[in-house]
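Trainee: Before I ask anything, let me first share the structure, which is written out below as structure tokens.
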Amino acid sequence: MSAQAHVKNDVSLEMQALDNTYLDLLHTLVRPALGCTEPVTVALASAKCQQLLGELPSKIEVQVTPNLYKNAMGVMVPGTGDKGLVVACLAGLIAGDADAGLEVLKNFGTEHQEQLSVLRETIEIEIKLQEHTDVLFTQVRAYTDSQQACVVIERSHSNIVFAQVCQINQLIPGYVSSTVVLDAHHLQQQPMSVASIVDFALRVPLPSIAFIAQSEQLNLALASEGMKHEYGLGLGRQLQNQTEQGLLSDDLLNRAMRLSAAASDARMGGAPLAAMSNSGSGNQGIASSLPVVAALQILQADTPEQLRALCMSQLMAIYIKQQQPALSALCAANTAAIGSGAAITWLLGGDLSKIETCIQLMVADATGVFCDGANAGCALKVSTGAANAIKTALLAMSPGLDPQADMGISLSNADASIAQLGQFAHQAMQETDRQIIKLIRDCEYQGQKSS
């Protein structure tokens, strides 16, 4: 065999390994999630405790990181009509399916609400903040008169790493965290790039990514729910009303904002429907799918284009999020929409160069949107990301446009800009994060005092 043949074979094996990595990432990080994933994490740990105990506890101790607390206190828990970690914890006890992962609360219905009200008065629940190297660290301890159970979740919202039950007078062995925290430098060494993602999305066999169509189906169903009923701010519903009255046109920009906002309204408002999440977040899944869906509808794209565009967007959002902390003060739904911008640019006829230009423009635009916790206002941020995806895709398609290297943290190429955005989230926004968490805790304290 010639040396040239050896080289070709090596390249083929290398490409196959990367393809497998990308498919694994999509299958692992693009999955259904019912409700905001931070309170759902506590609900899952609580449901697992209940499964271990086999009876309702009389006391529960919940430990979460400040970041998880920030994203859990202002968002509705599906089916309950209420918000917060105490509600999530009780919902997991009452009707949680400990084996359903991020859909742990799929069985919670109106018939459980009275029991929820009763248990709020009878079960003692203590919420504690715990600094931890893993911002998704969650521990729930539940006690009955005769037993105690402990469940720990780390590294992802549904990754139970420790679950044990014993008699009340026994000592549960301490769990030693095995979390490996990847810094931004290490993440940059992963074999991902804008070019390789685009290449993969445009040549992967369609049957391998057929499952990605579910991101359109689930998130469109959420958007429809948000249009029909009053959830959160009702932004998507209001945009729909204004469109029907002729005050807004049903163009690509408005449709992308409308669909994305309505889905986020419903999700943050506690709708009993699952979102197709991305990187553990329903809003990130919405932001990386529904702007693309709007473009697919307007352009009347066929099934192959649908699958490849959604694949490109979802995988690009994963790549971008992998360079950021799991939770931070940077709005990840807004940065996930960069994936949508890339895919829409391709749908408009853009090549790799145009896609990279869109990403650079979006990085320049996305850096100022911070996360002030999961709440009804997320619909505003998700719609902002959708609008950014459309306007930067259109701008990137402008003839002769050459993005400047001096656009703030957006650098001379797309991959460098994404990496810089990750560094910004890891380092520059830490103090912002602390101030937001302090504000949320102060507001909760004042609310408790006034009541």
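The values are calculated or read from the model by the stated rules, or taken from the named source; none is laboratory data. The shown structure was predicted, so the numbers you read here are calculated from the model rather than taken from an experiment. Don't worry about glycine lacking a Cβ; one is built from the backbone with ideal geometry, like all the others, and counts go over all protein chains shown. Keep in mind that these areas ignore ligands, DNA and RNA; they rest on the heavy atoms of the full protein, side chains included. Shrake-Rupley method; radii C 1.70, N 1.55, O 1.52, S 1.80 Å.
Trainee: How large is the accessible surface of residue 145 in square angstrom, using a 1.4 angstrom probe and rounding to the nearest 10?
Mentor: 140
Trainee: Please identify every one of the GluC sites (Glu not before Pro) in region 223-318 that sits in a loop by DSSP and has no more than 16 other beta carbons within 10 Å of its own beta carbon.
Mentor: Values: sites: 225, 230, 244, 305; in loops: 230.
Answer by residue number: 230.
Trainee: Each residue of region 315-321 in turn: what ³J(HN,Hα) in whole Hz from Karplus with 6.51, -1.76, 1.60 and θ = phi - 60°, glycine and Pro shown as x?
Mentor: Using θ = phi - 60°, the values come out as 6, 5, 5, 5, 4, 5, 5 Hz.
Trainee: May I ask for the distance between the Cα centers of region 292-346 and region 26-95, given as a whole number of Å?
Mentor: When both Cα centres are located, 28 Å separates them.
Trainee: When only alpha-carbon atoms are used, what values of Rg and Dmax, in angstrom, describe region 255-307?
Mentor: Answer for region 255-307, Rg first and Dmax second: 11.7, 34 Å.
Trainee: From largest to smallest, what semi-axes in whole angstrom does region 87-129 give when each is the square root of 5 times an eigenvalue of its alpha carbon gyration tensor?
Mentor: Each semi-axis is the square root of five times an eigenvalue, giving 18, 15, 6 Å.
Trainee: Tell me the label-point distance for the pair residue 167, residue 14, using the 7 Å Cα-to-Cβ offset, in nm and rounded to one decimal.
Mentor: Computed distance between label sites residue 167 and residue 14 equals 6.1 nm.
Trainee: Lys and Arg at +1, Asp and Glu at -1: add these up for the other residues within a Cβ distance under 13 Å of residue 237 and post the number.
Mentor: Around residue 237, the charge tally is -2.
Trainee: Further question on the same structure: Nearest 10 degrees, 0 to 90: what angle lies between the long axis of helix 430-450 and the longest principal axis of the chain (Cα atoms)?
Mentor: Value to nearest ten degrees: 40.
Trainee: How far is helix 3-29 tilted off the main Cα axis of the chain, in degrees rounded to 10, range 0 to 90?
Mentor: On a 0 to 90 degree scale, this one is about 40.
Trainee: Hey, rough spin-label estimate for residue 243 and residue 110, points 7 angstrom out along Cα→Cβ, what's it come to in nanometres?
Mentor: 2.9
Trainee: Accessible area per residue of the chain at 1.4 Å probe, in Å²?
Mentor: 42
Trainee: Compute the length gained on full extension between residue 211 and residue 402: take 0.36 nm times their separation in residues and subtract their Cα-Cα distance, giving the result in nm to one decimal.
Mentor: Result for the pair: 65.1 nm of gain on full extension.
Trainee: Which order do the peptides 160-169, 359-368 take when ranked by the mean count of other beta-carbon atoms within 10 Å per residue, highest first?
Mentor: Working: 160-169: 14.1, 359-368: 24.3.
Those peptides, ordered most packed to least, come out 359-368, 160-169.
Trainee: Quick query: amide H of residue 76 versus all other amide H atoms, modeled in the peptide plane; which residues come in under 5 Å with a sequence gap of 5 or more or a different chain?
Mentor: 270
Trainee: Out of residues 5 or more away from residue 125 or on other chains, whose amide H comes under 5 Å of its own, with H placed 1.01 Å from N in the peptide plane?
Mentor: 60
Trainee: Once R0 is set to 45 Å, what does the formula 1/(1 + (r/R0)^6) return for the Cβ-Cβ distance between residue 300 and residue 99, expressed as a FRET efficiency to the nearest 0.05? If you can, show how the numbers build up before the last one.
Mentor: On the way: r = 41 Å, r/R0 = 0.91.
Approximately 0.65, to the nearest 0.05.
Trainee: Moving on. Within 10 Å, count the other beta carbons around each residue, average over each peptide in 370-378, 253-261, and list them highest first.
Mentor: Output ranking for 370-378, 253-261: 253-261, 370-378.
Trainee: Which pairs, out of 70/106; 83/391; 106/438; 321/354, put more than 25 Å between their alpha-carbon atoms?
Mentor: Those over the limit are 83/391; 106/438.
Trainee: Now for a different question. Tell me, what is the Rg over Rh of the chain, with Rh the Kirkwood radius over Cα pairs?
Mentor: Reported Rg/Rh (Cα atoms, Kirkwood Rh): 0.99.
Trainee: Next question, about the same structure. With both bridge residues required to lie in region 23-147, what share of the DSSP beta bridges run antiparallel, to the nearest 5%?
Mentor: 55
Trainee: Return one number: the angle in degrees, 0 to 90 and rounded to the nearest 10, between the long axis of the Cα atoms of helix 194-203 and the longest principal axis of the Cα atoms of the chain.
Mentor: Helix 194-203 and the main axis of the chain meet at about 80 degrees.
Trainee: So, one more: Heavy-atom accessible area of residue 70 with all protein chains present, probe 1.4 Å, nearest 10 Å²?
Mentor: Around 10 Å² of this residue is reachable by solvent.
Trainee: By how many nm would the segment from residue 438 to residue 126 lengthen if fully extended, with 0.36 nm per residue of separation less the alpha-carbon distance?
Mentor: Difference between extended and current length: 110.4 nm.
Trainee: Can you give the % of DSSP beta bridges in the chain that are antiparallel, to the nearest 5?
Mentor: Close to 85 percent.
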